[in-house]
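Some notes on the structure that comes next.
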Amino acid sequence: IQYLSFLSRLFVLDFGKTTPPERPVSEMIANAFPLTLQLTFYGVLIAVVIAVVFGVMGALYRDKMPDQLVRVFSIAAVATPSFWLGILLIQWLALGANPLFPSGGAAPEGSGLGGWLAHMTLPALALAIPVSASLIRVVRTSMVEELDKDYVRTAIGNGVPRTRLGMPCSRA
């Protein structure tokens, strides 16, 4: 009966109240939602940048040392849980004698873009790195397929410099 009552209240977005102190859960969700959206968009932006840079590098240097490093990174990053990566990032970059980032809480009011970036970068990285790993594989594979197409080979055969095609100067 309690479960059915809870389900019926969900239709009107009544999520109930917390135990002491009693606050509406919907109010807590509404307060956290803007920061959650900001963190999500920042994390996706970082993931896309990492994926494009490393995916293109892996494709351009296919089967060479940079490509091998990119593959190892992407396999390790896919297997890394975000919560554990977040803890490691805090230990490495936010604690110690010279911390690079603050380790807790939201940016203080009036801190501007710099304060927002400082407080959001570590959580965004913790979310972005595992996501970027699978995107790296997609970008690398797509780029390798494109570089193997006939029009690229024809351009190289007709004397178009490899650097003009965005490729490294020499391939063995």
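Once the other residues with Cβ under 14 Å from the Cβ of ARG71 are scored (Lys, Arg +1; Asp, Glu -1), what is the net sum? Spell out each step's value before the answer.
Working: positive: ARG62, LYS64, ARG137, ARG140; negative: ASP63, ASP67.
For residues surrounding ARG71, the net value is +2.
In the elastic network of the chain, a GNM with C-alpha springs shorter than 10 Å, the most mobile of MET65, MET28, MET120 is MET28.
Name the residue farthest towards the positive end of the dipole of the chain from the options ALA118, PHE54, MET65, assuming +1 on Cβ of Lys and Arg, -1 on Cβ of Asp and Glu, about the Cα centre. Checking the options against the dipole of the chain, the answer is MET65.
In segment 1-86, which chymotrypsin sites (Phe, Trp or Tyr not before Pro) fall in coil by DSSP and have 16 or fewer other Cβ atoms within 10 Å?
Details: sites: TYR3, PHE6, PHE11, PHE15, PHE41, TYR42, PHE54, TYR61, PHE73, PHE83, TRP84; in loops: PHE11, PHE15, TYR61.
Those that pass, being in a loop and sparsely packed, are PHE11, PHE15.
A simple charge model with +1 on the Cβ of Lys and Arg, -1 on the Cβ of Asp and Glu and nothing else charged puts the dipole of segment 1-112 at about 240 debye relative to its Cα centre. If contacts are Cα pairs under 8 angstrom and at least 6 residues apart, what is the relative contact order of the chain in percent? For the chain, the relative contact order is 27 percent.
Over segment 56-129, with a single point scatterer placed on each C-alpha, what log10 of the ratio I(q)/I(0) does the Debye formula yield at q = 0.26 1/Å? Log10 I(q)/I(0), no solvent term: -1.08. If you take the alpha carbon atoms of segment 110-153 and fit the smallest convex hull around them, that volume is 83 Å³ per residue.
In loop segments of segment 98-161 as defined by DSSP, the GluC sites (Glu not before Pro) with at most 10 further C-beta atoms inside 10 Å of their C-beta are GLU109.
Using the alpha carbon gyration tensor of segment 1-150, what are the three equivalent-ellipsoid semi-axes (square root of 5 times each eigenvalue), largest first, in whole Å?
Those come to 38, 22, 14 Å.
Calculate how steeply helix 25-60 sits against the longest principal axis of the alpha-carbon atoms of the chain, using the helix alpha-carbon long axis, and give the answer as 0 to 90 degrees to the nearest 10. Rounded to the nearest ten degrees, it is 10. Positive end of the dipole of segment 89-172 (Cβ unit charges, origin at the Cα centre): among GLY159, PRO130, LEU100, the Cα lying farthest that way belongs to GLY159. If every alpha-carbon in segment 1-70 counts as one equal scatterer, what log10 I(q)/I(0) does Debye give at q = 0.11, 0.17, 0.19 1/Å? Scattering profile of segment 1-70, log10 relative to I(0): -0.56, -0.75, -0.84. Start at zero, step by 10 Å, and the Cα-Cα distances of segment 75-172 spread as 13, 27, 20, 19, 16, 5 percent across the bins. Springs join every pair of Cα atoms under 10 Å in this Gaussian network model of the chain, and among ARG62, ARG153, ARG140 the largest mean-square fluctuation is at ARG153.
Any read-out appearing in this document is the output of simple, stated calculations on the displayed coordinates, not a laboratory observation. Because the structure is a prediction, the values reported are computed rather than measured. Here Cβ is always computed from backbone atoms with ideal geometry, including for glycine, and neighbour counts include all displayed protein chains.
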